[in-house]
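Readers should treat all values here as calculations from the given coordinates under stated rules, not as data from a laboratory. As the structure is a computational prediction, the values presented were derived from the model and not from experiment. A quick note on method: Cβ atoms are made from the backbone with ideal geometry, for glycine too, and the neighbour counts reach across all protein chains shown.
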Amino acid sequence: MIQNKLELTWVGKYDEKPALEPRILIENPEYSYGDSDTGNMLIHGDNLLALKALEQEYAGKVKCIYIDPPYNTGHAFEHYDDGVEHSLWLSLMRDRLELLHNLLAENGVLMINLDEVEHAYCKVLCDEIFGRQNFIGDLIWQKRKGGGNDSRFFALDHDYIIVFVKNADKKTHPNQWKVSQSEEYLKRYKEVDENGNRY
């Protein structure tokens with residue numbers, strides 16, 4: 001295979017992907033609540049199959065997706081395995097991220113919550129699927145205050161939220177990423193450019 005671009009490779013990346021046939025979501029009245037016309041759904045089942053089922057009706061229509069995948073830290077949890085082999089984790093994530101990309105609207109945004117274990121690999125994986133130009137940045141959130149965590153070397157107290165958009169073109173997102181600030185806050189920045197922006 002000839003590679004003509006920088007890419008992340010791993011054992012099994014080019015293996016045949018699982019065949020996913022179209023699925024239909026069926027409402028379970030026992031768990032239904034509220035107005036069914038809101039479009040809100042809580043789906044119980046395998047997430048890959050659920051994403052495939054959503055793709056039929058919602059491809060290109062979803063404006064915001066937030067996922068909190070397994071961090072792959074090696075811990076055992078009741079409902080999922082958080083310690084799969086690294087290349088398997090990448091394959092599982094790739095299959096889901098490709099479906100999420102298909103679900104996003106042109107002005108849609110994807111946020112992925114991870115810690116430092118798989119953060120960098122997931123970022124490069126998203127670069128391949130979404131394109132590096134569609135990376136908005138990392139949001140850092142403090143997950144605990146004070147020390148006392150179980151890090152081996154550094155006492156890390158934060159996780160990451162990787163943010164990608166489907167299309168970062170300025171015409172698709174005019175002024176969307178700007179946050180308004182109070183005059184009091186802006187006074188901290190002494191320099192002003194020709195457009196009135198402070199820095």
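Segment Lys143..His86, full-extension length gain: 18.1 nm, with 0.36 nm per residue of separation and the alpha-carbon distance subtracted. All alpha carbon pair distances within the chain were sorted into 5 Å bins beginning at 0; the resulting P(r) in whole percents reads 1, 6, 11, 14, 16, 16, 13, 10, 6, 4, 2, 1, 0. Across the options Val124, Leu97, Leu48, the greatest Cα extent toward the positive end of the charge dipole of the chain (unit charges at beta carbon of Lys, Arg, Asp, Glu) belongs to Val124. Here the simple spin-label model places points 7 Å from the Cα toward Cβ, and for Ile136 and Asp193 these points are separated by 2.0 nm.
Potential lengthening of the chain between Ser182 and Lys170 amounts to 1.8 nm, from the contour at 0.36 nm per residue minus the alpha-carbon distance. When peptides 134-142, 98-106 are ranked by their average number of other Cβ atoms within 10 Å per residue, the highest-first order is 98-106, 134-142. Of the GluC sites (Glu not before Pro) in the stretch 6-90, the ones in a loop by DSSP (not H, G, I, E or B) with at most 13 other beta carbons within 10 Å are Glu7, Glu16, Glu27, Glu78, Glu85.
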